[in-house]
Amino acid sequence: MTAARGDRPTGPSSPDAEVSGNETPSEPSDHQEPQAPPTPPAAPAPMPRSRAALYMLASLLLSLTQGLGMNLAAANLPQLQGPLGATASEVTWLIAAYMAPNVSLSLILVKVRAQFGLRNFAELSILLFVLVMLLHIFVRDMQSALVVRFFSGIAAAPISTLAFLYMLEPLPPAKKLAVGQPLVLTTIALGAPLARLISPDLLVLGDWHGLYLFEIALAMMAFSAVYLLPLTPPPRAKVIHWLDILSYLFIAVGFGLTAMFFALGRAYWWFEAPWLGTMLAIGLASLTCAVVIELNRETPFLDIRWLTSKEIVHLAVMLFIFRLLMSEQTSGAYAFFQALGLQNDQMTTLSLLVIGSSIIGGLAYLAVYKPGRENAIQMVAFALLLVGALMDSDATSLTRPAQMYASQALIAVAGALFLPPAMAAGMMMALQRGPTFILNFIVVFLTTQSLGGVVGTALVGTFITWRTRLHFQHLAENLNLGNPIIAQRISQLSASYSHVITDRSQLNAEGVALLSQQVTREATVLAYNDAFLAIAVLAALALTVMVLHLATRTIVKRFPPEQQPAAG
C-alpha cells in the first residue's frame, strides 16, 4: 500500500510535471465555494520581471555548469594523456566513469525530490556539486581522476533538473511547455561547443587543474544563486517504496554497465577484450531483473507496458535516431579536424558559430511554434541534418573549419529545433495518463539522449575505424613501388631527412613511412566522408518514414475503417 501512495505525487515534484501548470482540481461542492477564492491567487501570482530574469539567469548558469562538466574532459582527451600519464585507451575511462552513474541517477531523484522536499534537494545537490568540483584540484594521476569523474557523474545528475526548475519557476503555466523547455534544452546544448571554445586557455592555466578552474567558478556562482533564489516547494509525500530502490539498483547497474560498454568498446575494440562482453551481459541481466520486478507490481516504479506501447516506442526510436544523427557534429566534424591534426584553438570560430546557430535555432523555434506544428518542425530539423551531412560528405585532406561553417550551422539549428517538440509530445502523452507517468517519460528521454549519445558516438566511431581500414587496404593495394610516380613521391618525402640520414636504404624507408602516413590520412578522410554520407542517408530515411507515417495517419482520419467497405 505504501507504493500506491508513493507514486501519486511524483509528477508535481518533477521539473517536467510543472510544465503542465495544472493545480489540484477543487471539489465542486457548494459549501467549499467560499474557500476557493483565496487559494488560486497565491499560486499563480506573477513574478516581477527583474526577479524572473534572475531565475532565468540562474537556469542558464546551471545549464552551462552541467554541460561543461560533461564535455570538458570529452573535448580534451588527447591533451589529458600527458598530465595524467595515461594512454589513449585509458583516458576513455574518464568518459565511462562519468557516464556510469549519470545515465540513470535522475530517475530516482524524481522521487527523492518529492519525498524530502525541493528546497533540501536543491541546496544539497548544488553543495555536493561544488564539493566534487573542488576535488578536481587534488587530482594527480589517472586513478584519482577516475574517482573524481565517477563522483562528478553523480553530482551532475541533479543539475540539469535544477536548470529546468529555475527556468520554469517564473513562467506562467501556459508558457512552461512552450517557452521554458525549449530555452533550457537550448542552453544545455551549448555545453559541448563552449567546452571546446574555452579549453585551450584553460589548459594553459594548468592542464587538468586549469581545465576545471572555470567550472569551479561557475559552480560557486550557481551555489549562490540556488541559495538566494528559492524555488516554490510542492507538497511532500512519502513516495519511495523499498521495491523502488531495488528496481533502481538494477536499472543503475544495467544502464551504467551498458554505457561503459559503449564508451570503452571502440578503444579496446569490441571482440578483443572479453571483459567487455561480460560487462554487457551483466548490464542486460540487471535490466531484465528490473523489468521482471516492475511487471509484477501493482504500482510500479516504471510502467513497462506503457513504455513498450506503440506510441512510446515510436517516440523513443525517433529520439534515438536523431541523437545518433547529431553525432555528425561531435563525433564527425570535430573528430574529423582532430584527425587532420587541428586543435581546439584552431576551431574557435567554428565553436562560436555552433553556439550562435544553436541560440538562433532555439529562438526560431519560439517564434514559429504553435500547437499542431510539432511534426512540421521535426521534419525541418531532419531536412537540415540531411543537407548539412551531405555538404560535409565531400571533404578532403585540405578541408578546414571554414569550409564547414554553413553545414555545421545547419546541424546546430536542427538540434535546437528537434528536441523541444519531441519532449513536448512525450510530456503530453505522459500527462494524459496521469502525473505518475512523468517518470516513465523521463526514462525514455534520458535513455535516448544520455545513453543514446554514448551509443551514437560509439557507432559512428566504429564505422569510421572500419571504413578507414578498408580504404587503407584498397589504397595500399594500388601502390606499386616500381611505379615511377610513386618512386618520385617517396624520394620527395625522404628529401627532408637527407641532411641527417646518409644511408640510402634507410632514407628510402623513411620516405615509405611518410607515404604510408599520407595514405592513412587519405583513408581517414574517405572514411569520414562515408560516415557523413551514411548519416545523410539515415536522415533521409527518417524523414521519409515520418512523412509516410503522417500521410497514413491523415488518410485513416479522413477515411475511417468503417467507411472503407462502403466506399468499395
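Read-outs: derived from the displayed coordinates by stated rules, not from any lab. Just so you know, these numbers come straight off a predicted model, no measurement behind them. Positions of Cβ are generated from backbone atoms using ideal geometry, with glycine treated the same way; all protein chains shown enter the neighbour counts.
Using Cβ contacts closer than 10 Å as the measure, can you line up Arg51, Arg297 from fewest to most? Walk me through the numbers before you get to the answer.
Numbers: Arg51 12, Arg297 17.
Going from sparsest to densest Cβ surroundings: Arg51, Arg297.
Taking the Cα centre of the chain as the origin, how large is its charge dipole in debye, to the nearest 20, when only Lys and Arg (+1) and Asp and Glu (-1) carry charge on their Cβ atoms? Don't skip to the end; give the middle numbers.
Values: 31 positive and 31 negative charges, 112 e Å.
Computed about the Cα centre, the dipole is about 540 debye.
Exposed loop GluC sites (Glu not before Pro) only (DSSP loop, at most 12 other Cβ atoms within 10 Å): please give the longest stretch of the chain free of them, not including the sites.
Details: sites that count: Glu23, Glu272, Glu298, Glu562.
Between exposed loop sites, the widest span is 299-561.
Starting from the Cα gyration tensor of region 288-330, multiply each eigenvalue by 5, take the square root, and state the resulting semi-axes largest first in whole Å.
On the way: eigenvalues 165, 28, 9 Å².
Three semi-axes, in Å: 29, 12, 7.
Starting from the Cα of Asp394, step 7 Å along the direction of its Cβ; do the same at Ala551; then give the gap between the two resulting points in nm.
Once both label points are built, they end up 2.9 nm from each other.
Got a sec? Which residues in region 143-185 would a label at Met47 touch, if it sits 7 Å along Cα→Cβ and we count backbone N under 16 Å?
161-185
Rounded, prolate or oblate: pick one for region 43-109, where a ≥ b ≥ c are the square roots of the eigenvalues of its C-alpha gyration tensor, a/c under 1.5 means rounded, and failing that, prolate if a/b is larger than b/c, else oblate. Before the final figure, lay out each step's value.
On the way: a/c = 6.81, a/b = 2.33, b/c = 2.93.
Oblate shape, in that a/c is at least 1.5 and b/c is the bigger or equal ratio.
Angle between the Cα long axis of helix 348-368 and the longest principal axis of the chain, 0 to 90 degrees, nearest 10?
Tilt of helix 348-368: around 30 degrees.
Nearest 10 degrees is fine. How inclined is helix 310-325 to the longest principal axis of the chain, computing both from alpha carbons?
Taking the Cα atoms of the chain, the angle to 310-325 is about 30 degrees.
Local charge sum around Val380 (other residues, Cβ-Cβ under 13 Å, Lys/Arg +1, Asp/Glu -1)?
Values: positive: Arg373; negative: Glu374.
Charge balance in the 13 Å sphere: 0.
Sort Lys370, Lys238 so that the residue with the fewest other Cβ atoms within 10 Å of its own Cβ comes first and the one with the most comes last. Could you put the intermediate results ahead of the total?
On the way: Lys370 9, Lys238 12.
Arranged by neighbour count, lowest to highest, Lys370, Lys238 become Lys370, Lys238.
Which entry is the computed volume of the Cα convex hull per residue in Å³ for this structure: (i) 200; (ii) 146; (iii) 169?
Recomputing volume of the Cα convex hull per residue in Å³ here gives the entry labelled (i).
Calculated from DSSP H runs of 4 or more alone, at -39500 (n - 2.57) each and per residue, what is the 222 nm mean residue ellipticity of the chain, nearest 500?
On the way: 23 runs with 415 residues, N = 568.
Computed ellipticity for the chain at 222 nm equals -24500 deg cm²/dmol.
Computed over the Cα atoms, what is the radius of gyration of region 242-298 divided by 2.2 N^0.38 Å, N being its residue count? Write out the running numbers ahead of the final one.
Working: Rg = 13.1 Å, N = 57, 2.2 N^0.38 = 10.2 Å.
With N residues counted in region 242-298, Rg over 2.2 N^0.38 Å equals 1.29.
Once you have the Cα-Cα distance between Val292 and Met428, take 0.36 nm times their residue separation minus that, and quote the gain in nm to one decimal. Intermediate results must be reported in sequence, preceding the final value.
Numbers: separation 136, 0.36 × 136 = 48.96 nm, distance 2.73 nm.
Result for the pair: 46.2 nm of gain on full extension.
If R₀ is 45 angstrom, what is the calculated FRET efficiency for the pair Leu475 and Ile245, using the beta carbon separation as r and rounding to 0.05? Display every interim value, and only then the final one.
On the way: r = 56 Å, r/R0 = 1.24.
Between Leu475 and Ile245 the formula returns 0.20.
Length gain on complete extension for the stretch Thr462 to Ala509, per 0.36 nm per residue less the alpha carbon to alpha carbon distance? Write down the numbers at each step before the final one.
On the way: separation 47, 0.36 × 47 = 16.92 nm, distance 3.10 nm.
Gain on extension, Thr462 to Ala509, equals 13.8 nm.
Angle check, please: helix 405-433 long axis (alpha carbons) against the longest principal axis of the chain (alpha carbons), in degrees 0 to 90, nearest 10.
It works out to around 30 degrees.
Quick one: if the Förster radius is 30 Å, what FRET efficiency do Thr349 and Ala217 give, using the C-beta to C-beta distance and rounding to 0.05?
Values: r = 25 Å, r/R0 = 0.83.
So, using R0 = 30 Å, E works out to roughly 0.75.
Report, largest value first, the span of the C-alpha coordinates of region 198-292 along each principal axis, in whole Å.
Its Cα atoms span 47, 44, 14 Å along the three principal axes.
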